[in-house]
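Beneath this line is the structure, given in structure tokens, with notes to follow.
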Amino acid sequence: MDRKPPVINGRIKKEKSWLSAKKVEIQEEEDGYHWRATRVNFETGSIVIVEYIHPNVGYWEEMCLFVSTMHCPDWQCIPLSNFWLQWREKRSFLRSFPAFKDLFRRRDYCREILKEMLGD
């Protein structure tokens with residue numbers, strides 16, 4: 001007699017929306033730029049929003065978004081400015097900004113889903 005794995009029927013019942021954010025800011029002493037990257041996690045993915053302040057401008061401007069999802073876990077860059085062409089991939093971006101490395105960590109979606117289904 002062949003044993004089949006158990007099947008979990010039902011849906012996860014959410015009481016609240018699962019959304020979290022983490023922000024890192026740095027200031028370049030030599031050129032006067034300020035940089036900010038904010039990671040926003042949602043149930044099926046993550047977005048890292050990268051912004052900067054040019055020393056002559058004085059306000060935050062968007063540079064790009066990096067997106068990673070449950071089914072496409074490799075970070076993809078969506079450019080929002082044509083000025084920063086050298087950072088179109090995660091590797092070259094993190095070489096220039098190692099302080100943002102923690103914002104690009106991979107998520108363990110299987111663990112997160114099981115935790116939601118089975119509790120802590």
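In region 51-65, the residues that are of a type in the set (Ser, Thr, Tyr) reach residues that are in a loop (DSSP other than H, G, I, E, B) with C-beta atoms within less than 8 angstrom, at least six apart or across chains, in these pairs: Tyr52/Tyr33; Tyr52/Trp60. For Phe104, the requirement of being touching a Leu at 6+ places or on another chain (Cβ under 7 Å), within 27 Å of His54 (Cα to Cα) and aromatic (Phe, Trp, Tyr) is met. For Met70, indicate whether it is closer than 28 Å to Glu29 by Cβ and modelled with pLDDT of 90 or more. No, not satisfied. The single condition from (1) without any contact (Cβ under 8 Å) to a residue 60 or more places away in the chain; (2) not in a helix (DSSP H, G or I) that Arg107 fails is (1). Within region 39-98, being part of a strand (DSSP E or B) and exposed (fewer than 12 other Cβ atoms within 10 Å of the Cβ) holds for one residue alone: Ile78.
The values are calculated or read from the model by the stated rules, or taken from the named source; none is laboratory data. Values in this document were obtained by computation on a predicted structure and should not be read as measured data. Using ideal geometry, Cβ is built from the backbone for each residue, glycine included, and neighbour counts are taken over all protein chains shown.
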